[in-house]
Amino acid sequence: MWKFERARRQAPALLAAGVLFGLVGQASADSLIITATDPIGSLKDRMCEHFIDDVKDKSGGEIEFNFVQGEALGSAGSVMEQMIGGSVDVFCNELVWFADYVPNIQILGWGFTFRDPDHMATFFESDLFDPLEERAIEQGARILAAQPTQPRMMFTREPITSIDDIQDLKMRVPQLKSYLELWKALGTRPTQVAWAEVYLALSTGVVSAAEGPPTDAMGQKFHEVAPNITRTDHLFSTVMIAINEDSFQALTPDQQAILEASAAEATKWARGIAEEEVSSMLATASEEGATVSGIDKAPFQERSREAVERMEADGLWRQGLWSDIQGL
């Protein structure tokens, strides 16, 4: 019965999105609405499918999903709002979309905070991360599981050989304050462009550079219009699976345990796939005419460190969090 009541409460929002009555998918009164918002076949889309299949296996089909693929329900930021509000049950994407609701998560968008993916995973498993998870629940959504994935790199129209080359560069950033402030600190002119519009923005010169993990960026063909790939590795992307807290509490304890176990398994699977795809994607980019190069990261790291105190004074994340993470 909990599923029927849940779906009935969601109906107005889903009708507006065209989900019910077969316009996007075959929603039913006893299914949870789940989406990733990334393109079909992307890493997060595949992770979502992996999670759904594992939950169905573990629950014997007791827990059902309506998987709405792509951006049929809106952008990632919009879907995050819908999950917090309750018109979407489960969201498979990146932890940074919690930043508007859990300010300390902004630290994940601050470059050169984490030494490597293992360092980030240690943070997720540490006591430092517990208050972030608690705050997310207070805001209406529960993080079932999360993992680091690929390093993020620069994709530029012109070659980048040093930090001097990015001064005043028109740089695409997502609609997240930590990204915006980071690229300001590094000397660029950050411009907020939706992910789905980045290819066009690069091809027309609206921006001259963008950044992202190779699997996602190449899935959007960034390397065709910005063929200079620079291994800044300034951030590590994440994958997460989160659920609306009311939806979670409506489940039985056994069902809750299944979702948590399946989310942990699916995010670990995605991390492994992502790590495998870094080298293969960069090799493909080279074969298709892109140039992949390294860079002296020390000047980038120094500017990032210099701005930390100002970011904490402005309340982007709590005082001392950056230093605490360095101590892990």
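Taking strands (runs of 3 or more DSSP E) that fall entirely within region 117-219, which contain at least 2 residues that are modelled with pLDDT of 95 or more and in contact with an Asp or Glu (Cβ under 7 Å, 6 or more places away or on another chain)?
Numbers: elements: 141-151, 153-156, 170-173, 189-192, 209-212.
Result: 141-151, 153-156.
Would you point out which residue out of S208, S162, S178, S203 is over 25 Å from E81 (Cα atoms) and buried (at least 19 other Cβ atoms within 10 Å of the Cβ)?
When all the criteria are applied, what remains is S208.
Give just the number: which of (1) buried (at least 22 other Cβ atoms within 10 Å of the Cβ); (2) free of Cβ contacts under 8 Å to residues at least 60 places away in the same chain does L144 not satisfy?
(2)
Quickly run through region 33-56 and pick out the residues that are outside any loop (DSSP other than H, G, I, E, B) and of a type outside the set (A, V, I, L, M).
Listed by number, the residues that qualify are T35, K44, D45, R46, C48, E49, H50, F51, D53, D54, K56.
For V96, work out the one condition from (1) within 19 Å of G315 (Cα to Cα); (2) touching a Phe, Trp or Tyr at 6+ places or on another chain (Cβ under 7 Å); (3) of a type in the set (V, I, T) it doesn't fulfil.
Only one criterion in (1) within 19 Å of G315 (Cα to Cα); (2) touching a Phe, Trp or Tyr at 6+ places or on another chain (Cβ under 7 Å); (3) of a type in the set (V, I, T) is unmet by V96, namely (2).
Is region 281-294 home to any residue that is part of a helix (DSSP H, G or I), surrounded by fewer than 11 Cβ atoms within 10 Å (Cβ to Cβ) and among the hydrophobic types (A, V, I, L, M, F, W, C)? Full working, then the answer.
From region 281-294, those part of a helix (DSSP H, G or I) are 281-287; that's our starting set.
Among the residues that remain, those that are also surrounded by fewer than 11 Cβ atoms within 10 Å (Cβ to Cβ) are: 287.
From the residues that got through so far, the ones that are among the hydrophobic types (A, V, I, L, M, F, W, C) too are none.
Among the residues of region 281-294, not one is part of a helix (DSSP H, G or I), surrounded by fewer than 11 Cβ atoms within 10 Å (Cβ to Cβ) and among the hydrophobic types (A, V, I, L, M, F, W, C), which makes the answer no.
Determine the pairs where a residue that is on the phi > 0 side of the Ramachandran plot, located within region 38-52, has a partner that is surrounded by fewer than 19 Cβ atoms within 10 Å (Cβ to Cβ) and not in a helix (DSSP H, G or I) with Cβ atoms under 7 Å apart, the partner being 6 or more residues away or on another chain.
Note: no pairs meet the criteria.
In region 74-93, which residues are in a loop (DSSP other than H, G, I, E, B), of a type outside the set (S, T, N, Q) and at pLDDT below 95?
Answer for region 74-93, where residues must be in a loop (DSSP other than H, G, I, E, B), of a type outside the set (S, T, N, Q) and at pLDDT below 95: just G74.
What is the one condition in (1) without any contact (Cβ under 8 Å) to a residue 60 or more places away in the chain; (2) buried (at least 20 other Cβ atoms within 10 Å of the Cβ) that E134 does not satisfy?
(2)
The values are calculated or read from the model by the stated rules, or taken from the named source; none is laboratory data. As the structure is a prediction and not an experimental result, all values here were calculated from the model. In this analysis, Cβ positions are derived from the backbone assuming ideal geometry, glycine residues included, and neighbour counts consider all displayed protein chains.
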